[in-house]
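First comes the structure, then the notes that go with it.
The values are calculated or read from the model by the stated rules, or taken from the named source; none is laboratory data. From a predicted model like this one, the values you see are computed outputs, not experimental measurements. Cβ: placed from backbone, ideal geometry, glycine included. Neighbour counts: every protein chain shown.
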Amino acid sequence: MTPNRRQRLSPITRRRLQVFRHHGRAYWSLWLFGLLFALSLAAELIANDKPIVMQYQGAWYFPMLVDYPETEFDGFLPTTADYRDPFVREQIDRHGWMLWPPVPFSYQTLDRDIQGPVPSPPDSRHWLGTDDQGRDVFARVLYGFRLSVTFALALTVGSILLGVFIGGAQGYYGGKIDLFGQRLIEIWSGLPVLFLLIILASLVEPNIWWLLGIMLLFSWLGLVDIVRAEFLRARNLEYVRAARAMGLPSRLIMRRHVLPNAMVATLTFIPFLFTGAITTLTALDFLGFGLPPGSPSLGELVAQGKNNLQAPWLGITAFVSLSLMLSLLVFIGEGLRDAFDPRHIVTSAAAARPTPANHDQESQP
Amino acid sequence: MSQTPLFELRRLSIHFGETQAVSELDLHVERGETVAIVGESGSGKSVSVLGALGLLPPGSQVAGRRTFAGRDLGRLSRREWNDLRGGSIGFVFQEPMTSLNPLHTIGKQLRETLRLHQGLRGNAATRRARALLAQVELPRVDELMAAWPHQLSGGQRQRVMIAMAIANEPQLLIADEPTTALDVTVQRQILALLDELRQRLGMGLLLISHDLNLVRRHADRVIVMQQGKQVETGTARAVFETPQAVYTRQLIDAVPSGRPRPLPPQGELLLSASDFSVTFKRPKPLLRPRPPAFVAVAPLSLELRRGETLGVVGESGSGKSTLASALIRLLPSSGEIRFADQRLDRLGGETLRRQRRALQIVFQDPYGSLSPRMSVADIISEGLRFHHPELTPTVVTERIAEALHDVDLPADCGHRYPHEFSGGQRQRIAIARALILKPELLILDEPTSALDRTVQKQLIELLRDVQAKHDLTYLFISHDLAVVRAMAHRILVLKDGKVMEQGDCETLLHSPRTAYTRALIEASSLT
C-alpha cells in the first residue's frame, strides 16, 4: 500500500477507458480531431505570410517571432518589412535565403498577384482557391478551425465550472437555496440569447471576449439540472452518510464522494456543449453579428459561399470543414456516452476474451 | 407412488459462458408436496429454477432433462411456455415492493391476471378476485380492491402476490425467498399461509430459501446446494437430525449463539439522552394549516455505560434507525444528549465534526456504504487522514494494517476495490473504517441483516471480540432477537417510535411484559 499504488486508476476508470478504446469510431475520431487541432495550433508554421527563419548578410532572423523594419534589409520605410514585396524579396535572395511555410499566405493576406477575377478557383498557388477579397481559403479554414475550437473549449470549460458549482450547491444543500435557485434559473433561461447578442453587437465592438462572456452567461444552464439531480441523489447515498458520520466537512464530501458521480453525467455532456458552442459561433458570424471583420471564421466563409454561388469551392470547403468537425465531435460524444454507461457491454472484446457478461448469442436449447 | 412426478429435473446444468452456475442437479416435486432448496446466496438455487423454466436472460446455456406433468420442457414453443408459466406454474418472488405495478390498483391487477388466463370479465372477475384475496387471509377485501400498492405493507403485498400466483389454480407454486424482505413476525405468517394453500389446493410447492431453519417446519424434503452443486438431499427430518454433509451441519448450526461478555460492575456513564425525540415536519398544503408533525421517535430516555451493548429491537418502521442517526446528530432532534460529560446536542460546526471521531456508525447495506471509486485502503483511512493530518503515510499504512487485522481481513487487500469482496467482507471493511478512528461508541445499524446466516454468525463473534479488545460501547440495532440476544446486555423494544419496554436482556426475553415483545420473541423462534 505505497502511496503511488493507491493513486492508480480505479477499476471503473480502467473499464471505461477499455470500452472507449473498443468503440472504434469514437477512438479514431478522437485521434483525428486531436491531430487536426494540434495541426491548427501550429497554423503559423503552416500558413503564414512571413518566413519561418531567414539569413541576411550572415545574420539570423526570425520574422515569425520578431518584427523587423524594412530598413534592416536596406529598404526605405521604417515600417515592418513585407516579405512578399518584390523589392524586399530580391534583396534577401541576393544576400541570403528565406525558409517559407508550405502555404505562404496568412488568413488575412491579400494576394495581389492573382491573374483574373476573385474569388479565384483552386490551383497550385491557392489549394482551396481564394475568397472574394483574394485571401487564401485554406489559410482561413486552418485559422478558423483553431479559433472555433479554442472558443468552444473556453466556453465549455467555463460552463462546466459554473454549472457544476451552481448545480452542486443547489443539489447538496437543497431547501431554500434549491427552491430560489431553480426559480431564478427558470427566469434566466427565458431570456432570448440571440437577441441579446444582436443588441450587444450594436452597443459595443464585438470581440471574442465579449462573445465568450455573453454566451457563458447562458450556456451553463443546461448542465445545472443534471448536476443538481446527481447531487440530490448522491447526498443520500450510504457512503456519503458514512463520510458525514466520520466528521468530514461538506467541501471534502462533495469533492471526494459526490462530485465523481456528477462528473459522469457532465462528461457525457461535454461533446454536445462543444458542438453547440461551435454552431452558435458560426451562426453569429454568418449573420454578421459575430467576430470583428477580418477574423478567420468559418461562419464568414459560409456567408461568402452564399454570396458567391459562382464560386462553389467556397461553399463546399465551408460545408466539408464544418461537417467534418461536428461529426467527429458527435462520434467522440457517442463513445464517451457508451464508456460511461454501466450497462454497456464490450462486444468486440467478446471474441477475444469471453467473460460471463458479454455473450450475446441466443442459446436457449 | 408409481405415477410420474409433477415436476422433475434430471442432471440439470446451467452455464453462463465459461462459468458454471449449476451442475448436475436432480430434483422432483410430487403433487401436494413441499420441497425446499436451501443454500447461501450465490449457491445457484434461484438460477436453477429460473433456468429450468426458461426465465434466464439470453446467454445462458441450460442442459439436462426437464419435465412438468410428463411434458418435456426442453421442446416447448414460446406460446406453450406462456400458457404454462402463470397458468400451471405460479411464481412468488422475493421483492414484494417491486413485483406489483405501482400505477394500478390491486383489484385491477388481479382482474388483469384473471382476464388474460381465464378470460374472466366484469363481475365474474371481480367476484373471483375478492375470493382470492379472502383466500390469502387479507382483511377488509373491499377496501383492498381499490387500494394502491404503496398503501400496503410488505406482508400484505406478498399476500397479494400469492393471490395472483394461485389465481389460475396452478399445480406447482414456486416461491423464491418469499419472506426474506419481510419482518420476522410476518415471515412465519406467510410461510404458514403457503403451507395451508398447498394442502387446500393440493399443489406442489417449491420453496427457495437461504435459511435452513426457517423451512424446517414446512418442507417435506430438502435439497441443500453449495456453489451450484447439490450437497445433500433427503426428507426434512433426515437432513435435520442426521445431516451427512459438513456444509449442511454448518447451515443448521448457523444460529447466532453465545452471550455477550459480562459487564464490569458500575461502568461510567458514556451516553445518555433524556426527553429525546425526533419529529419530521409534514409539507404544508396550500391554503390549509400544516398537519401535525410526524413523530418518528417519541420522547424517551436512555443510558449507555462504557463497555455495554444496548440492543434496540423493533419491526421495520419502528424508528430504530432514526433513533440511531439522531443520537449521533446526523438527523435533527430535540432533547438532551450527553456524551462523555459533554452536551452533544449543543455542539455545532467544527466542534461537532471533531467529536464525530468518537461516535462511529456501521450501516446495514454492505454494498451501498462503501464508495465504489475508492480502494479499500482509501476508504478505511479517509477519516483518519482528515482527523489526524499530522500522521505520515507510513503511520497511516500501519494503522490501516492494524484495522484490517482487527476485522480478520488479510493486510494485502488494501489496494483492492469494494466490488471484489463479498457482503460479509464488505461489512468487515465498514467496521474497520469505524475502528481506525478509535471511537468510544459504535452504532451498529442492522449490520448483519443483509448477510447469510453463516456469515452473520461469524460477524457477531468478530464484533464481540472487537468490543472486548477496544473496550467499545455498542448501540446494536436489529429486528432479529436471536442476533440481539447474542450481542446485547440490555434491550430496548421500539414500536411506532414508542418504547414498549426496556430492561436487562435475559430478564426481558424470559418474561416479556408486552404482547408485542412476545410476538417478536416467538418470530425469532427463541425458546
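This table checks each residue for (1) surrounded by fewer than 21 Cβ atoms within 10 Å (Cβ to Cβ); (2) at pLDDT 85 or above; (3) not in a helix (DSSP H, G or I).
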{"residue": "A:Pro206", "(1), (2), (3)": "yes, no, yes"}
{"residue": "A:Gly213", "(1), (2), (3)": "yes, yes, no"}
{"residue": "A:Phe218", "(1), (2), (3)": "yes, yes, no"}
{"residue": "A:Val224", "(1), (2), (3)": "no, yes, no"}
{"residue": "A:Asn236", "(1), (2), (3)": "yes, no, yes"}
{"residue": "A:Arg241", "(1), (2), (3)": "yes, yes, no"}
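Do we have any residue at all in segment B:90-106 that's assigned to a helix (DSSP H, G or I) and surrounded by 15 or more Cβ atoms within 10 Å (Cβ to Cβ)?
Yes, segment B:90-106 has at least one match.
Restricting segment B:374-403 to residues that are touching a residue at least 40 places away in the same chain (Cβ under 8 Å) and not hydrophobic (A, V, I, L, M, F, W, C) leaves a set whose member that is nearest to A:Arg14 (Cα to Cα) is B:Ser375. Residues that are away from chain A (no Cβ under 11 Å) number at least 2 in the following helices (runs of 4 or more DSSP H) confined to segment B:345-449: B:393-406, B:423-435.
If the condition is being surrounded by 16 or more Cβ atoms within 10 Å (Cβ to Cβ) and over 17 Å from B:Gln456 (Cα atoms), then segment B:230-253 contributes B:Gln230, B:Val231, B:Glu232, B:Thr233, B:Gly234, B:Ala236, B:Val239, B:Phe240, B:Pro243. Applying the condition of being under 25 Å from B:Ile436 (Cα atoms) and small (Gly, Ala, Ser) to segment B:302-344 and asking which residue is nearest to the other protein chains (Cβ to nearest Cβ) yields B:Ser325.
Listed conditions (1) within 14 Å of another protein chain (Cβ to nearest Cβ); (2) modelled with pLDDT under 85; (3) farther than 20 Å from B:Tyr247 by Cβ; (4) surrounded by fewer than 18 Cβ atoms within 10 Å (Cβ to Cβ) are all met by B:Arg71, apart from (1).
Name the residues in segment B:176-209 that are part of a loop (DSSP other than H, G, I, E, B), of a type in the set (A, V, I, L, M) and surrounded by 20 or more Cβ atoms within 10 Å (Cβ to Cβ), would you? B:Leu182, B:Met203, listed by residue number.
Of the listed requirements (1) at pLDDT 90 or above; (2) surrounded by fewer than 22 Cβ atoms within 10 Å (Cβ to Cβ), A:Thr317 misses just one: (2).
Yes/no per residue for (1) at pLDDT 85 or above; (2) crowded, with 17+ Cβ neighbours inside 10 Å:
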{"residue": "B:Val362", "(1), (2)": "yes, yes"}
{"residue": "B:Gly368", "(1), (2)": "no, yes"}
{"residue": "B:Ala377", "(1), (2)": "yes, yes"}
{"residue": "B:Ile380", "(1), (2)": "yes, yes"}
{"residue": "B:Pro389", "(1), (2)": "yes, no"}
{"residue": "B:Ala430", "(1), (2)": "yes, yes"}
{"residue": "B:Ile443", "(1), (2)": "yes, yes"}
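Within the span defined as segment A:238-256, one or more residues are at the interface with another protein chain (Cβ under 10 Å from one of its Cβ atoms) and touching a residue at least 40 places away in the same chain (Cβ under 8 Å).
Of the helices (runs of 4 or more DSSP H) lying entirely inside segment A:14-111, those carrying at least 1 residues that are under 30 Å from A:Glu334 (Cβ atoms), modelled with pLDDT of 85 or more and not hydroxyl-bearing (Ser, Thr, Tyr) are A:24-41, A:43-46.
Checked against (1) out of contact with any Gly (no Cβ under 8 Å at 6 or more places or on another chain); (2) charged (D, E, K, R); (3) closer than 30 Å to A:Ser106 by Cα; (4) surrounded by fewer than 14 Cβ atoms within 10 Å (Cβ to Cβ), A:Arg146 passes all but a single condition, namely (4).
Does at least one position in segment B:38-60 carry a residue that is within 14 Å of chain A (Cβ to nearest Cβ), touching a Ser or Thr at 6+ places or on another chain (Cβ under 6 Å) and over 20 Å from B:His210 (Cα atoms)?
Checked against the condition, which is being within 14 Å of chain A (Cβ to nearest Cβ), touching a Ser or Thr at 6+ places or on another chain (Cβ under 6 Å) and over 20 Å from B:His210 (Cα atoms), segment B:38-60 yields no hits at all.
Given the structure, is A:Thr282 crowded, with 22+ Cβ neighbours inside 10 Å and at pLDDT 90 or above? Yes.
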